1. Does region 343-361 contain any residue that is under 14 Å from Ser201 (Cα atoms) and within 16 Å of the ligand (Cβ to nearest atom)?
2. When the residues of region 87-119 are narrowed to those that are assigned to a loop (DSSP other than H, G, I, E, B) and buried (at least 18 other Cβ atoms within 10 Å of the Cβ), which ends up farthest from the ligand (Cβ to nearest atom)?
3. Pairs needed: first member in region 101-126, on the phi > 0 side of the Ramachandran plot; second member anywhere, crowded, with 17+ Cβ neighbours inside 10 Å and not aliphatic (A, V, I, L, M); C-beta distance under 9 Å; at least 6 residues apart or different chains.
4. In this structure, does Arg268 turn out to be closer than 30 Å to Ile153 by Cα and of a type in the set (D, E, K, R)?
5. Are any of the residues in region 57-66 over 13 Å from Val189 (Cα atoms) and more than 16 Å from the ligand (Cβ to nearest atom)?
6. Is it fair to say Ala77 is buried (at least 20 other Cβ atoms within 10 Å of the Cβ) and under 14 Å from the mean Cα position of the chain (by Cα)?
7. Could you please give the count of residues in region 11-55 that are under 15 Å from Cys235 (Cα atoms) and among the hydrophobic types (A, V, I, L, M, F, W, C)?
Amino acid sequence: MKFGTKAIHAGVHPDPTTGAIMTPIYQTSTYVQRSPGDHKGYEYSRTHNPTRTQLQDALAALENGKHGLCFASGMAAIDCIIKLLEPGDEVVATNDLYGGSYRIFTKVFAKYGIKFTFVPMHDAEAVRAAMTERTKLVWAETPTNPLLHVVDIRAIAEVAHAGGALLVVDNTFATPYLQTPLDLGADVVMHSLTKYMGGHSDVVMGALIVQDDELHQRLAFIQNACGGTPGPQDCFLVLRGLKTLHIRMQRHSENGRAVAEYLRQHPRVDKVYWPGFESHPNHQVARQQMRDFGGMMSFVLKGDKVEDAVAVLEKFQLFSLAESLGGVESLSGHPATMTHASIPAEERRKAGLSDSLIRLSVGIEDAEDLIEDLAQALG
Ligand SMILES: *Cc1c(COP(=O)(O)O)cnc(C)c1O
């Protein structure tokens, strides 16, 4: 089945009692048993809920995986993966990382004796060099946030597996429409469903998708034991969002190209980070592993002054200044003070993240209007 058909049909079934074509919101905490232990597969909604089951199955189908697991947020999904580890274990992660991932690694899990090393992951050799016999996980994001580096998933999977570690790919920026990391050797795909997958800025949720039955069992055990699971209403909203994922991603990518090309030729703009440019250092890898290049990008103004960036951000009319990304509406952000403020200034500089960098999540409005807004803000 092709992607668009799967986005609409995979994993979901008409409701067995009424035939409702849309998955009902099973707003219930418990399920009546006929006799002790004699139930219909549902006992308690932290463990299983029918709305969640259909979403988990839909996600697994879209990522070409076997099992999906949903969480109350992307962070709860990350929390679940790291709880596979034990004190003394090590993780090698990309140094151009979502700020919240950096925070949970260094501020929550480091104190339980798990060691995190951050490397520029678009360089597979840097990953190999950072691995030790205690390395259990390699943590990649691609494209990265906010510098849009592209990591060669196949190359990193080989390095991880050669060292006996699992590869986790945070696929939030790309979505399975643009790339399917499990097909390239990743062991776990992680999502903040809050972003493109939900797609309408109306829900906070996360997910994990895996192929391996035993790994799924271990993660499902932690999911139920720790309890960071979502409610059925939120699952319904993401199920609805998924049905237009392919159409939205096509438009995000088209608008992304129009906006990136406009910015690149603007006299006030010094540098645009977008993997669709042939001049992007990882463009060849992006072309091989991605279907298109998406609507995430960042740019730096000439002079690299924070005040100039702030002035542009204040002038935007359509690019609302807000945390988050991946919704139908265009958003702008200032990573140094917003999404990446939890990363120390020195680490940010080491990763090449300028304090005047502006990040855009290009929405699915008409490109002409978006460009007009950029023109007036850069004025
Ligand atoms: C937002 C985000 C997360 C965290 O997800 P929440 O749903 O906000 O908890 C993780 N990774 C990336 C790349 C994100 O953009």
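1. Within region 343-361, one or more residues are under 14 Å from Ser201 (Cα atoms) and within 16 Å of the ligand (Cβ to nearest atom).
2. Looking at residues that are assigned to a loop (DSSP other than H, G, I, E, B) and buried (at least 18 other Cβ atoms within 10 Å of the Cβ), I get Asp89.
3. Between residues of region 101-126 that are on the phi > 0 side of the Ramachandran plot and residues that are crowded, with 17+ Cβ neighbours inside 10 Å and not aliphatic (A, V, I, L, M), the close pairs are Gly113/Asp89.
4. Against the criterion (closer than 30 Å to Ile153 by Cα and of a type in the set (D, E, K, R)), Arg268 does not qualify.
5. There is at least one residue in region 57-66 that is over 13 Å from Val189 (Cα atoms) and more than 16 Å from the ligand (Cβ to nearest atom).
6. yes
7. The number of residues fulfilling the criteria is 4.
Every residue, every condition in (1) in the same structural domain as Met297 (by TED's automatic domain parsing); (2) under 27 Å from Thr5 (Cβ atoms), yes or no:
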position	(1), (2)
His216	no, yes
Pro232	no, yes
Phe236	no, yes
Gln250	yes, yes
Asn255	yes, yes
Ala258	yes, no
Tyr262	yes, no
Pro267	yes, no
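The values are calculated or read from the model by the stated rules, or taken from the named source; none is laboratory data. The model shown is predicted, which means the values in this text are computed figures rather than measured ones. Counting neighbours? That spans all protein chains shown, and the Cβs are built from the backbone with ideal geometry, glycine included. Note: accessible area is taken over every heavy atom of the protein model, side chains too, but ligands, DNA and RNA are not part of it. Shrake-Rupley method; radii C 1.70, N 1.55, O 1.52, S 1.80 Å.
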